[in-house]
Amino acid sequence: MSKALLAPIAFFYKMGVTFRHRLFDWGFLKSERFDIPIICIGNITVGGTGKTPMAEMIIAYMSQKHNIALLSRGYGRKTKGYREVSLSSHYREVGDEPLQIKLKFPDTVVVVCEKRSEAIRRIRSEHPEVDLIVMDDGFQHRYVEPKINVLMIDATRPIQHDRMLPVGSLRDLPSQIYRAHYFIVTKCPEKMAPIDRRILRKVLIQIAYQQVYYTRFESFIPQPLFADEASREPLAQGCKVIALSGIGNPEPFLKTLHERYKVVAEVTLDDHHVYRVRDIRLLASLLAKHPGSVIVTTEKDAVKLVNRAKIPSEVRCALYYQPINISFIEDSATDFLQKLEEDVRGN
């Protein structure tokens with residue numbers, strides 16, 4: 001469908017979002033404050049901006065001094081209501097990203113619930129040891145007023161040039177960025193010109209206390225999903241790879257693979273894709289078509305492919321995932337995390 005035909009839908013979507021914000025601003029809808037610090041990690045666009053890697057970075061740092069709970073809506077799950085994620089949870093019950101975080105941080109309380117206020121009250125009641133909540137993707141929610149808003153911004157899709165859904169990728173109003181405390185600009189080029197930083201800073205900063213950090217994704221050598229069955233380890237530069245992804249924005253993932261390996265096939269699926277038997281059969285057929293190749297997928301997809309019983313051995317031994325984290329330009333990660341800790345402890 002052309003953008004001209006989608007424009008009226010985008011207009012009415014924008015009107016709806018604007019009216020909802022007005023209801024909060026006028027007090028008809030209430031934002032609830034809690035007696036526990038809450039860090040909200042959000043964005044105003046659809047697609048991958050790096051919320052999950054940022055949540056993992058914050059959890060890893062803050063867990064040195066705090067007992068943390070991660071609260072997520074659990075997007076894509078087939079269940080409703082409050083659920084606590086365990087190491088044995090299935091991604092269709094709790095969502096792929098919450099399960100990924102639980103597997104990485106088994107001592108962290110991870111909860112999914114579409115009603116965030118209700119979830120926070122239950123966390124307070126059932127886990128009195130928790131003294132800090134990290135709320136994933138709650139910037140638009142507004143029924144909870146977090147102590148700190150960390151807003152993820154995609155450098156490849158400048159918000160000043162973007163448009164509302166479904167014409168563009170904006171799901172919230174750019175005017176709402178005044179509520180952010182920190183902006184984390186992701187997917188920055190390796191050599192980002194100072195003028196580009198100044199332009200972004202001018203666009204983003206609305207209030208004096210807001211701070212901007214520039215980052216890019218750092219990819220590591222793919223690891224075998226089933227280490228005891230891996231056909232090779234580690235992957236050699238230039239080896240044949242089948243790229244598998246079901247994420248919001250697969251372009252950086254694919255770009256990295258093309259730079260390091262010989263990509264013989266790409267399987268690109270929708271975000272939060274539910275893997276079925278036909279998907280596994282497709283992977284098996286691609287391996288047969290490209291002898292000596294391996295499958296490389298994302299961390300987010302990997303948590304959905306851990307059931308040995310449903311994956312044939314020829315796929316298991318060739319299945320790898322690529323770990324990533326957020327790398328701050330000019331080594332400013334410590335500065336950001338220390339400031340965040342000061343804000344958590346402040347009144």
Restricted to region 49-67 and to residues being small (G, A, S) and in a helix (DSSP H, G or I), the residue most open to solvent (accessible area, probe 1.4 Å) is A60
Residue that is more than 17 Å from F217 (Cα to Cα), small (G, A, S) and open to solvent by less than 20 Å² (accessible area, probe 1.4 Å), where the choices are S285, S293:
S293
Which condition number does L87 fail, the rest of (1) free of Cβ contacts under 8 Å to residues at least 24 places away in the same chain; (2) open to solvent by less than 10 Å² (accessible area, probe 1.4 Å); (3) of a type in the set (A, V, I, L, M) being met?
(2)
What about R121, is it in contact with a strand residue (DSSP E or B) (Cβ under 9 Å, 6 or more places away or on another chain) and either open to solvent by 10 Å² or more (accessible area, probe 1.4 Å) or not polar (S, T, N, Q) (or both)?
no
Which residues, taken from region 101-112, are in contact (Cβ under 8 Å) with a residue 40 or more places away in the chain and either within 13 Å of R77 (Cβ to Cβ) or of a type outside the set (S, T, N, Q) (or both)?
I101, L103, K104, F105, D107, V109, V110, V111, V112
Strands (runs of 3 or more DSSP E) within region 261-347 that include 1 or more residues more than 28 Å from K191 (Cβ to Cβ)
262-268, 294-298, 319-322
Being part of a loop (DSSP other than H, G, I, E, B), touching an Asp or Glu at 6+ places or on another chain (Cβ under 9 Å), open to solvent by 80 Å² or more (accessible area, probe 1.4 Å) and aromatic (F, W, Y), is that true of even one residue in region 69-76?
yes
The residue that is farthest from K310 (Cα to Cα), considering only those in region 211-239 that are in contact with a Phe, Trp or Tyr (Cβ under 7 Å, 6 or more places away or on another chain) and not in a loop (DSSP other than H, G, I, E, B), is Q211
Taking the condition closer than 29 Å to K147 by Cα and touching a residue at least 12 places away in the same chain (Cβ under 8 Å), does Q210 pass?
yes
Do we have any residue at all in region 28-48 that's more than 30 Å from R345 (Cα to Cα), at pLDDT 95 or above and out of contact with any strand residue (DSSP E or B) (no Cβ under 7 Å at 6 or more places or on another chain)?
yes
If only one of V46, V94 is open to solvent by less than 10 Å² (accessible area, probe 1.4 Å) and farther than 24 Å from E341 by Cα, which one is it?
V94
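Every residue, every condition in (1) among the hydrophobic types (A, V, I, L, M, F, W, C); (2) closer than 16 Å to S219 by Cα; (3) over 25 Å from the mean Cα position of the chain (by Cα), yes or no:
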{"site": "T298", "(1), (2), (3)": "no, yes, no"}
{"site": "E314", "(1), (2), (3)": "no, no, yes"}
{"site": "A318", "(1), (2), (3)": "yes, no, yes"}
{"site": "F328", "(1), (2), (3)": "yes, yes, no"}
{"site": "F336", "(1), (2), (3)": "yes, no, no"}
{"site": "G346", "(1), (2), (3)": "no, no, yes"}
Test set (1) among the hydrophobic types (A, V, I, L, M, F, W, C); (2) under 19 Å from Q100 (Cβ atoms); (3) at pLDDT below 95 - V296 fails condition number
(3)
Total residues in region 12-34, condition open to solvent by 80 Å² or more (accessible area, probe 1.4 Å), touching a residue at least 40 places away in the same chain (Cβ under 8 Å) and over 25 Å from the mean Cα position of the chain (by Cα):
1
Region 117-209: strands (runs of 3 or more DSSP E) wholly inside it with 1 or more residues that are in contact with a Cys (Cβ under 7 Å, 6 or more places away or on another chain) are 132-136, 148-154
Does region 298-317 contain at least one residue that is touching a Pro at 6+ places or on another chain (Cβ under 7 Å), surrounded by fewer than 20 Cβ atoms within 10 Å (Cβ to Cβ) and closer than 30 Å to I153 by Cβ?
no
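The values are calculated or read from the model by the stated rules, or taken from the named source; none is laboratory data. The structure displayed is predicted, hence computed values, not measured ones. Cβ: placed from backbone, ideal geometry, glycine included. Neighbour counts: every protein chain shown. We work out accessible area using only protein heavy atoms, side chains counted, and drop any ligands, DNA or RNA first. Shrake-Rupley method; radii C 1.70, N 1.55, O 1.52, S 1.80 Å.
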